[in-house]
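The block underneath contains the structure these notes are about, expressed in structure tokens.
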Amino acid sequence: MDFLLNCAPFSAKMALIVQKYGGTSVGSLDRMRNVAARLKRTRDEGNQVVAVVSAMSGVTDGLLKMAHELTPTPSERELDVLVSTGEQQSIALVAIALESIGVEAASITGRQAGIFTTGSHTRGRILDIDPTLMNQLLAEDKTLVVAGFQGVTPSGMIHTLGRGGSDLTAIAIASAIKADVCQILTDVDGVYTCDPRIVPNARKLPEISYDEMLEMASSGSKVMQSRSVEFAKKYGVIFEVRSSLNNNPGTLVLEEHPAMENVVIRGISIERSQARVTVIGIPDAPGMSGRILGALADAEINLDMIISNIASDGFARHSFTMHSNDLGKAQAALKPVLAELGSGAKVETESGIAKLSAVGIGMRSHSGVAATMFKALGDAGINIGMISTSEIKIAVTVDERHIEEAARAVHDAFKLDQEPVA
Ligand code: ADP
Ligand code: ASP
Ligand code: MG
């Protein structure tokens, strides 16, 4: 495997550039014409380009909906075959749009791009990329249009890479073909201090570290798929998030440098549709937590916050958060465990909650962050449910109905709309 490359963040002449265009950016024929025109311009400036494209916006959701209308439990193997067609439509249409303006193009699927995956259906992981065909087509001076979000197992099964997975395709290809520049072109012109649809005075960040981007992505900022950021960090792929609709400078995502620590909070993320499960009346004895968590893990439930304490009655209680879609599955998985824990054990649940996370590497060296955040929420009359922290993140749950107000209150409290003072 040869992913060890550094994509330079500048737009040099004769550079090899990977540009990823997301679902909204290819969401109509006009948008595809716009993408083709941008690719042509990049070529005319003397560069070689590999475009990675997503399905047109709404197509992946529409295909999934059809499958679930046939049965509530479609097989993941067939879901992969189905949803990978969305990207396949886009690559052909973008290549046709390129040819119509005189650019020699070639569309290629994940398999043709040599993207080999491992792991499970619907969440495949990239194992390796064999860039032979891509290199051959580039040597023929073609503009490549590669299907995002898909790969094949070594035995030829189609895998998709998790929702938002075209970001991962672009970053992994940039690494494999040793691109000079990797750009994620989307419907916002960079990574903001919070989703600008929720906080209108959010500020575009000139740069953000991999770790901060990763924490923001994995706590709800869907501007980047979190696994793609993990990959970029691992293989040192510097990339830029920018708009497909204007030429504004975007946000560079790269390894942290010392000046970044001066900013305490880089950004705020929100995640809706969360649920809490609390198991109460757990005997305070070794092995209990393992039994409970084991049952949830066997049911393939992704837990987010995990909090446990001993109640005044001497019994332990464990609380977990998860996506609300998993609530029924969690209750079913815990049923047999409750019987083993004894007659005092029971499960309480709460849905309709959301998570607010404040992220910044500056938290490592500044104190008082939690106090500022909790005061802002208190002043706004918003009740905090669970709290969890990591070295660079503080997350709280609140009633989902108040999440946007909570984001704005915390954004204001940290003055994130203003340039940080150096
Ligand atoms: P694409 O289809 O191009 O992959 P996405 O819809 O996945 O685009 O991601 C872009 C969206 O991410 C934006 O429209 C914006 O609403 C949302 N978003 C969430 N958090 C942020 C943030 N911190 N900065 C910028 N955009 C954000
Ligand atoms: N089309 C896929 C999705 O909607 C992948 C992507 O857009 O990145 O999740
Ligand atoms: Mg996306």
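A few remarks follow.
- Under a 5 Å amide H cut-off, with hydrogens placed 1.01 Å from N, Ala55 pairs with Glu87 among residues at least 5 apart or on other chains.
- Per-residue Cβ neighbour counts within 10 Å put Lys178, Lys335 in the sequence Lys335, Lys178, beginning with the fewest.
- Here is the list for segment 187-239: trypsin sites (Lys or Arg not before Pro) lying in DSSP coil, each with at most 13 other C-beta atoms within 10 angstrom of its C-beta, are Arg197.
- If you take the Cα centroid of segment 254-296 and the Cα centroid of segment 318-393, the two points sit 7 Å apart.
- Dipole of segment 283-422, positive direction: furthest Cα of Ile306, Leu377, Gly328, with charges on the beta-carbon: Ile306
- Computed from the Cβ-Cβ distance with R0 of 35 Å, the FRET efficiency linking Leu29 to Arg401 stands at 0.35.
- The 3J(HN,Hα) values that the Karplus relation (6.51, -1.76, 1.60; θ = phi - 60°) gives for segment 46-55 are, in residue order, x, 9, 9, 10, 10, 9, 10, 10, 8, 5 Hz. Gly and Pro appear as x.
- Structural descriptor for the chain: relative contact order 15 percent, calculated from alpha carbon pairs under 8 angstrom and at least 6 residues apart.
- Sequence-separation-based contact order of segment 269-383, relative, with Cα cut under 8 Å and 6+ spacing, percent: 40 percent
- Using a cutoff of 8 angstrom between alpha carbon atoms and counting only pairs six or more residues apart, the relative contact order for segment 181-232 works out to 25 percent.
- Whichever aspartates and glutamates have a C-alpha closer than 16 Å to that of Lys65, once near sequence neighbours (fewer than 8 apart) are set aside: Glu76, Glu78, Asp80
- Percent of beta bridges antiparallel (DSSP, the chain, rounded to nearest 5): 65 percent
- Counting beta carbons within 10 Å around each of His121, His257, His366, His411 and listing the fewest first gives the order His257, His366, His121, His411.
- Remark on Phe239: its backbone amide H falls under 5 Å from those of Val253, a criterion applied only to residues 5 or more positions apart or on other chains, H modelled at 1.01 Å from N.
- Tilt relative to the chain, helix 288-298 - C-alpha long axis, 0 to 90 degrees, to 10: 30 degrees
- A simple spin-label model places pseudo-atoms 7 Å from Cα toward Cβ; at Glu256 and Gln89 they are separated by 4.3 nm.
- Cα long-axis angle, helix 76-100 against the chain (0 to 90 degrees, to the nearest 10): 30 degrees
- Label-to-label distance, nm, for residues given as Asp61 and Ala37 (7 Å Cα→Cβ offset): 2.7 nm
- Rounded to the nearest 10 degrees, the angle from helix 369-379 to the longest Cα principal axis of the chain is 70 degrees.
- For segment 353-405, trypsin sites (Lys or Arg not before Pro) meeting the loop criterion (DSSP other than H, G, I, E, B) and having at most 15 other Cβ atoms within 10 Å: none.
- Among the listed pairs Lys204/Lys375; Lys178/Lys415; Lys142/Lys233; Lys335/Lys375; Lys233/Lys355, those with a Cα-Cα distance over 32 Å are Lys178/Lys415; Lys335/Lys375.
- For segment 68-168, GluC sites (Glu not before Pro) are listed when DSSP marks them as loop and at most 13 other Cβ atoms sit within 10 Å of their Cβ; the list is Glu104, Glu140.
- Look at Met288, Met373 and count the other Cβ atoms within 10 Å of each Cβ; fewest to most, that gives Met288, Met373.
- Rounded FRET efficiency, nearest 0.05, which uses the C-beta distance separating Lys346 from Ala370 and R0 of 45 Å: 0.90
Bear in mind that the values in this text are calculations on the coordinates, not laboratory data. Since the structure is predicted, the reported quantities are computational estimates derived from the model, not experimental observations. Glycine gets a Cβ as well: all are built from the backbone with ideal geometry, and neighbour counts include every protein chain shown.
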